[in-house]
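*Asks:* I am attaching a structure below and will ask some questions about it afterwards.
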Amino acid sequence: MNRREFALTIAGSVASGALGTQSLGRITSWRAAPAVPRVDGARLNRHLAELSRFGANPQGGVTRLAYSDVDRAAREYVLGLMRDAKLTPTIDAAGNIIASRPGRDAARKPILFGSHIDSVPEGGNYDGNVGSLAAIEVAQSLGEQGVTTRHPLQVVVWQNEEGGLYGSRAVSGQLRPEELGNISRSGKQISDGIAFIGGNSSELTTVRRNKGDIAGYLELHIEQGGTLERDHADIGIVEGIVGIKQWEVTVTGFANHAGTTPMDQRHDALLAAARFVDAVNRTVTSIPGRQVGTVGRIQAFPGAPNVIPGQVICTLELRDLDESKIDSLFTSISAKATRIGGDTGTTFAFRMLHENVPAPSDPRVRALIADSARELGLTTKVMPSGAGHDAQAIATLGPMGMIFIPSVAGISHAPKEFSKPEDIVNGANVLMETLLKLDAVDWT
Ligand SMILES: [Zn+2]
């Protein structure tokens, strides 16, 4: 055999799969008899299918608006699952479902984990549902496999996440009393909705927790974007939930005749605004990072073809994981606006519309998630969450970690939202393993 023939023989044996099959066989049998607790994946996916009947739409997906009849019925179903899992569920004054499982040391602060089961109009079957039912599954599996944690456990299903994190913000103390008068998408006032699902909004102070009151919070969620699928990663480790700041920007010039006013005597607010839009894009892209900046709405006044625009009202939105980066971008953008104003004979005024502070996850919890995924043979990707979650409110109370699983085609808040059953089971096992590791550490 010459050297070339030898190489071909080796290549052939690899291609025939003989070596690969042998090693795969060993891995499979090792996985079939795990030495560590694992969830019952078939049961979890069955429960997801059962929950999807509440508010099911003919085109697929669900409409399960917070405080609707189907929301209340779905919550009853979840309460039943919790009792089957030998948990003790209660409904707090904010309407959150909290199911407890005692730990070995009652003096320890609880570890919380869960998500939400309300949906947007014509939403999907996975947003919130995966994390809620996986949390129950984890608690049930621990019980069945004889595992008692040191910390007490609390499985939480937060109410009205989609309407604006009402349940979790009540617990973190960020819910302002006047917000109870808001009208939810189901048509009910928030306070009436809370009563409808078994809470009592006049006693919200009883649900309030303070920083340090919890040992940690974990949430499993679908990614709702296409990054994990594109990068062929099994598990997303969330760095944090991005902060958002929005401003209304008013550019004031002078409205005048478009035919008789010479070009060098104009105070054109729309020309200034056009330069501003470009300046926002240049500023945001001038430094490395994943920050984003958008002018999403613009209106010129008086808005006639033959009148030089005297006023423009537009918006500015900046997002990043780091609030100081948002602030420094804004400082730079407003300085450029002042210069544009000087060049065009206009003035710029900024009024803040909305502010959502970034919620970084705890780096120690991120490391536990990474270790857990590695032990399960899963690939990971560290990534920010561009969407809001209950975890951002609860992060103010203690170490927070979020686990993402892939969303097929990156579709969410739509009937075609889908995550594969095996990815759901992987996510639940990472949640369980991370929970056990978090239970074993003493950080305070
Ligand atoms: Zn969600």
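Quick note: the coordinates plus some simple rules give every number you see, no bench work behind them. These numbers were taken from a predicted model, which means no experiment stands behind them. Using ideal geometry, Cβ is built from the backbone for each residue, glycine included, and neighbour counts are taken over all protein chains shown.
*Asks:* Where does the chain land at 222 nm, in deg cm²/dmol rounded to the nearest 500, when only DSSP H runs of n ≥ 4 count, each adding -39500 (n - 2.57), divided by all residues?
*Replies:* Result for the chain: -11500 deg cm²/dmol, rounded to the nearest 500.
*Asks:* If you don't mind, another one. Net charge within 14 Å of residue 234 by Cβ-Cβ distance, Lys/Arg positive one each and Asp/Glu negative one each, not counting residue 234 itself?
*Replies:* -3
*Asks:* Sticking with this structure for a sec: Considering only 57, 256, 125, give the residue with the highest GNM mean-square fluctuation for the chain, with springs between Cα atoms whenever their separation is below 10 Å.
*Replies:* Highest fluctuation of the listed residues: 256.
*Asks:* A follow-up question, please. If you average the C-alpha positions of segment 94-156 and of segment 359-399 separately, how far apart do those two centres end up, in angstrom?
*Replies:* Cα centroid to Cα centroid, the span is 16 Å.
*Asks:* Amide H neighbours of residue 411 under 5 Å, at least 5 residues apart or on other chains, H built in the peptide plane: list them.
*Replies:* 418
*Asks:* Further question on the same structure: Shape verdict for segment 103-145, please, from the Cα gyration tensor: rounded (a/c under 1.5), prolate (a/b greater than b/c) or oblate.
*Replies:* Judged from the Cα gyration tensor, segment 103-145 comes out oblate (a/c at least 1.5, b/c at or above a/b).
*Asks:* Quick check on the chain: of the DSSP beta bridges with both residues there, what percent are antiparallel, nearest 5%?
*Replies:* 70
*Asks:* Another question about this same structure. Antiparallel as a % of all DSSP beta bridges within segment 96-157, to the nearest 5?
*Replies:* 50
*Asks:* How many nm separate the modelled label positions at residue 441 and residue 179, each set 7 Å beyond the Cα in the direction of the Cβ?
*Replies:* Simple spin-label model gives 2.9 nm for this pair.
*Asks:* First select every other residue whose beta carbon is under 15 angstrom from the beta carbon of residue 147; then total the charges, Lys and Arg +1, Asp and Glu -1.
*Replies:* Result for the local shell: 0.
*Asks:* List the DSSP H helices in the chain whose Cα atoms stretch 20 Å or more along the helix axis and whose mean Kyte-Doolittle hydropathy is at least -1.0.
*Replies:* 18-32, 69-84, 129-144, 269-284, 323-344, 421-440
*Asks:* About the Cα centre of the chain, how large is the charge dipole given +1 on each Lys and Arg Cβ and -1 on each Asp and Glu Cβ? Please answer in debye to the nearest 20.
*Replies:* 620
*Asks:* Mind listing the long-range amide H neighbours of residue 216? Cut-off is under 5 Å, sequence gap 5 or more, other chains count too, H placed in the peptide plane at 1.01 Å from N.
*Replies:* Under 5 Å from the amide H of residue 216: 112.
*Asks:* For segment 330-408, with only Lys/Arg (+1) and Asp/Glu (-1) charged at the beta-carbon, what is the dipole magnitude about the Cα centre, in debye rounded to 20?
*Replies:* 220
*Asks:* Counting pairs on different chains as well as pairs 8 or more places apart, how many Lys pairs in the chain have Cα atoms under 27 Å apart?
*Replies:* Going through the chain pair by pair, I get 16.
*Asks:* Rounded, prolate or oblate: which one fits the chain, using the alpha carbon gyration tensor with axes a ≥ b ≥ c (rounded when a/c is under 1.5, else prolate when a/b beats b/c, else oblate)?
*Replies:* It comes out oblate by the Cα gyration axes.
*Asks:* Would you please classify the overall shape of segment 305-390 from the alpha carbon gyration tensor, given that a ≥ b ≥ c denote the square roots of the eigenvalues, rounded means a/c under 1.5, and beyond that prolate means a/b larger than b/c while oblate covers the rest?
*Replies:* Prolate, since a/c reaches 1.5 and a/b exceeds b/c.
*Asks:* Among 101-113, 66-78, 149-161, how do they line up by average Cβ neighbours within 10 Å per residue, starting with the highest?
*Replies:* Per-residue Cβ counts within 10 Å, averaged per peptide and sorted highest first, yield 149-161, 66-78, 101-113.
*Asks:* Spin-label point model (7 Å from Cα, Cβ direction): what's the residue 351 to residue 263 distance in nm?
*Replies:* With each label point 7 Å from Cα toward Cβ, the separation is 3.5 nm.
*Asks:* Sticking with this structure for a sec: Using the Cα centre as the reference, give the magnitude of the dipole from point charges on the C-beta atoms of segment 158-249 (Lys, Arg: +1; Asp, Glu: -1; all else neutral), rounded to the nearest 20 debye.
*Replies:* So the dipole magnitude of segment 158-249 works out to roughly 400 debye.
*Asks:* Non-local amide H neighbours of residue 255 (under 5 Å, H modeled in plane, Pro and chain starts lacking H): which ones?
*Replies:* Those qualifying (amide H under 5 Å, at least 5 residues apart or on another chain) are 310.
*Asks:* Can you tell which of 342, 173, 45 lies farthest toward the positive end of the dipole of the chain, using +1 and -1 charges on the Cβ of basic and acidic side chains (Lys, Arg; Asp, Glu)?
*Replies:* Result: 45.
*Asks:* Same structure again: Would you kindly state how much longer the chain becomes between residue 335 and residue 211 on full extension, computed as 0.36 nm times their sequence separation minus their alpha carbon distance, in nm to one decimal?
*Replies:* Computed gain between residue 335 and residue 211 is 40.9 nm.
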